[in-house]
1. Scan segment 12-62 for residues that are of a type in the set (Ser, Thr, Tyr), in contact (Cβ under 8 Å) with a residue 24 or more places away in the chain and not in a strand (DSSP E or B) and jot them down.
2. For segment 38-56, check the following and say yes or no: at least one residue is surrounded by fewer than 15 Cβ atoms within 10 Å (Cβ to Cβ) and touching a Lys or Arg at 6+ places or on another chain (Cβ under 7 Å).
3. Residues of segment 1-11 being surrounded by fewer than 16 Cβ atoms within 10 Å (Cβ to Cβ) and part of a helix (DSSP H, G or I), which ones?
4. Is it true that some residue in segment 60-77 is within 23 Å of residue 1 (Cβ to Cβ) and modelled with pLDDT of 80 or more?
5. So is residue 83 in the same structural domain as residue 8 (by TED's automatic domain parsing) and either without any contact (Cβ under 8 Å) to a residue 60 or more places away in the chain or exposed (fewer than 10 other Cβ atoms within 10 Å of the Cβ) (or both) or not?
6. Please verify whether segment 121-137 includes one or more residues that are in contact with a helix residue (DSSP H, G or I) (Cβ under 6 Å, 6 or more places away or on another chain) and not hydrophobic (A, V, I, L, M, F, W, C).
7. Looking at 116, 65, 131, 105 in this structure, which one is hydrophobic (A, V, I, L, M, F, W, C), in the same structural domain as residue 27 (by TED's automatic domain parsing) and free of Cβ contacts under 8 Å to residues at least 60 places away in the same chain?
Amino acid sequence: MSPIEKLDEVLTIMSSEKGLTSDADIVKRINKISKHEYDGNEMQKILSRLGKDKYIEFEDREESIKWLPVTDSLTIRYYFITFDGELFIQMGGYAQQLITNANEINRQKNIELAAIANRKTITILTWIIAIGTFMAGLYYSIEILKDYRLFH
């Protein structure tokens, strides 16, 4: 599975899950659904990228854990999808973005090739017009000189 497919898969699952989801919970849920099994390190990289792109946000919460003799607290990071993330996944996600970028590059190349072809055509037409203008000028120069009877 490519990194782009992984990003789209995680974002899609987060989109279907409403509310906050901890990173451990995300790994469990995705591993149940996905053919690819994610580990915690890989999931952190994916969540980091999604956060950097502002498609998800996180909130750290202190939760108390009761051990038999002691009560301790643990910070758990909860993630949720942003409106931009919802919109992005509805528009096709990273895979569609990659296709769109490739199409844009092809479009720009086609425009450049057409511009080169047009430039050559314009150069040829300019030479034809210049030669025609020269010949017309020569013809009318001879006609003017005929009126002054220099040529018979």
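1. Initial filter on segment 12-62 (of a type in the set (Ser, Thr, Tyr)): 12, 15-16, 21-22, 34, 38, 48, 55.
Then drop every residue that is not in contact (Cβ under 8 Å) with a residue 24 or more places away in the chain, which leaves 12, 15, 21-22, 34, 38, 55.
Residues satisfying the conditions are 12, 15, 34, 38, 55.
2. no
3. Taking segment 1-11 first, the residues surrounded by fewer than 16 Cβ atoms within 10 Å (Cβ to Cβ) are 1-5.
Within segment 1-11, 3, 4, 5 meet the criteria.
4. At the first step, the residues of segment 60-77 found to be within 23 Å of residue 1 (Cβ to Cβ) are none.
No.
5. Details: in the same structural domain as residue 8 (by TED's automatic domain parsing): yes; either without any contact (Cβ under 8 Å) to a residue 60 or more places away in the chain or exposed (fewer than 10 other Cβ atoms within 10 Å of the Cβ) (or both): yes.
Yes; evaluated as a whole, the condition is true for this residue.
6. Here is the first cut: in segment 121-137, the ones in contact with a helix residue (DSSP H, G or I) (Cβ under 6 Å, 6 or more places away or on another chain) are none.
No: segment 121-137 contains no residue that is in contact with a helix residue (DSSP H, G or I) (Cβ under 6 Å, 6 or more places away or on another chain) and not hydrophobic (A, V, I, L, M, F, W, C).
7. Working: 116 fails: in the same structural domain as residue 27 (by TED's automatic domain parsing); 131 fails: in the same structural domain as residue 27 (by TED's automatic domain parsing); 105 fails: in the same structural domain as residue 27 (by TED's automatic domain parsing).
On inspection, the qualifying residue turns out to be 65.
The values are calculated or read from the model by the stated rules, or taken from the named source; none is laboratory data. Bear in mind the structure is a predicted one, so any value in this text is a computation, not a measurement. Ideal geometry is used to build each Cβ from the backbone, glycine not excepted, and the neighbour counts take in all protein chains shown.
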